[in-house]
1. Positive end of the dipole of the range 75-123, charges at C-beta (+1 Lys, Arg; -1 Asp, Glu), about the Cα centre: which of L118, I103, A88 has its Cα farthest in that direction?
2. Starting at the first residue of the range 257-266, write each ³J(HN,Hα) from the Karplus equation 6.51 cos²θ - 1.76 cosθ + 1.60 with θ = phi - 60°, in whole Hz, x for Gly and Pro.
3. How large is the charge dipole for the chain, taken about the Cα centre, if only the Cβ atoms of Lys, Arg (+1) and Asp, Glu (-1) carry charge, to the nearest 20 debye?
4. So what's the back-of-envelope 222 nm ellipticity for the chain, counting only DSSP H runs of four-plus at -39500 (n - 2.57) apiece and dividing by all residues, rounded to 500?
5. Report, in listed order, any pair from K239/K317; K107/K139; K54/K338; K159/K309; K20/K59; K59/K239 with a Cα-Cα distance greater than 20 Å.
6. Show the residues, 5+ positions off or on another chain, whose built amide H is closer than 5 Å to the amide H of A8.
7. Any idea what log10 I(q)/I(0) is at q = 0.14, 0.16, 0.20, 0.21 Å⁻¹ for the range 233-287, Debye with uniform C-alpha scatterers and no solvent?
8. Rg/Rh for the range 77-221: what does it come to with C-alpha atoms and Rh from Kirkwood?
Amino acid sequence: MPNTNIVAVDKNRPERDKIKRAAEIIRKGGLVAFPTETVYGLGGNALDENAAKKIYAAKGRPQDNPLIVHISSHLQLDQLVKEIPVRARILMDKFWPGPLTIIFYKKDIVPYGTTGGLDTVAIRMPAHPVALELISEAKVPIAAPSANISGRPSPVCAKDVAEDLSGRIEMILDGGATSVGVESTVLDLSEKVPMILRPGGVTREDLEEILGPVDLDPGLAPGEKPRSPGQKYRHYAPKAQMTVVEGSIENQVKTIEEFAKRLETDGFEVGIMATAQTRHRYTRGHIISVGDRTAPLTISSNLFTILRKFDRLGVDKILAEGISKDGIGLAVMNRLYKAAGFNVLKV
Ligand code: AMP
Ligand code: MG
């Protein structure tokens, strides 16, 4: 078991010696968690099957859930993929570095251990100085899933990573809190109409402005088979049982308040995930605002922190308000549905 070294790093101007130490670990086949703009990643050499194995082991991740490969320059892409479609180039120019992951056909150099046995590889360039410096110093592309134990809420600060992975990885680069707070958008360009396999930091509206109509994988609905292997697993889940309540704000507040009362009468400890607009309207339970409905980035960036907070409070039940699926709201609601195991109440 490695001793996990937590190293604070300047997120805008990462110190060279610290990045060098981290890069050295990656080159030698070890694991380093590092900040990106979405969530913290658990990084290993993407071209080393053995490093990929260590990532799966450290996270307890199912073997068929492929890893996203992170690069620091457009040039690095040629080494990894068979072809770069025109639409991909346009998107890379517009959204990289940033929270957009694109699926490509892989070259042989990318091991099946990294792609979960697939002939395709998911690639993105993160918009975070620490991540970019680390990849560039390591001189290899870095495979990096979220740095949490599989199934738990994703980590948005070094403390979250340490909570899950201490003693399982060599180093955590602590660059403070991430900004987007939900993972990247995963996009498949293999069909005529591009398809979002996982909604994320780059919104459907952002993509449609460039590409025209973009589909959302219908397999993301409950009981369906998603195209992206990782999407079939229960995910992001707090320990408590969670219900998402969707409808008009008035109906949400009324239903959650009544529901909380019933649960408390039955002896349950209740957490309410409210918003800035509604938090003052509840009278019972642990009431936490996830953010401001008029500024959805405040909600995405807080979401996983609040889910972990409910875990620490030890609540039995979480009642969460739904928000609009516009913009980043689509990614937020996707994470909420999964965290709740699709336990959704429409009111
Ligand atoms: P995470 O590493 O936790 O951000 O999850 C990575 C996501 O990317 C999972 O949902 C994977 O299924 C998806 N993914 C990675 N590689 C591929 C690929 N080649 N094809 C489709 N989805 C992929
Ligand atoms: Mg993950």
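Coordinate-derived values only; no laboratory data. These figures come from a predicted structure and were not determined experimentally. Positions of Cβ are generated from backbone atoms using ideal geometry, with glycine treated the same way; all protein chains shown enter the neighbour counts.
1. A88
2. So the J values, rounded to whole Hz, are 4, 5, 4, 4, 4, 4, 5, 5, 4, 7.
3. Values: 46 positive and 42 negative charges, 110 e Å.
I would put it at about 520 debye.
4. On the way: 11 runs with 115 residues, N = 347.
Calculated from helices alone, the mean residue ellipticity at 222 nm is -10000 deg cm²/dmol.
5. Values: K239/K317 9 Å; K107/K139 18 Å; K54/K338 26 Å; K159/K309 12 Å; K20/K59 24 Å; K59/K239 17 Å.
Pairs exceeding 20 Å: K54/K338; K20/K59.
6. Residues meeting the amide H criterion: D174.
7. Each listed q maps to, in turn, -0.39, -0.50, -0.76, -0.82.
8. Values: Rg = 15.9 Å, Rh = 16.6 Å.
Here the Rg-to-Rh quotient is 0.96.
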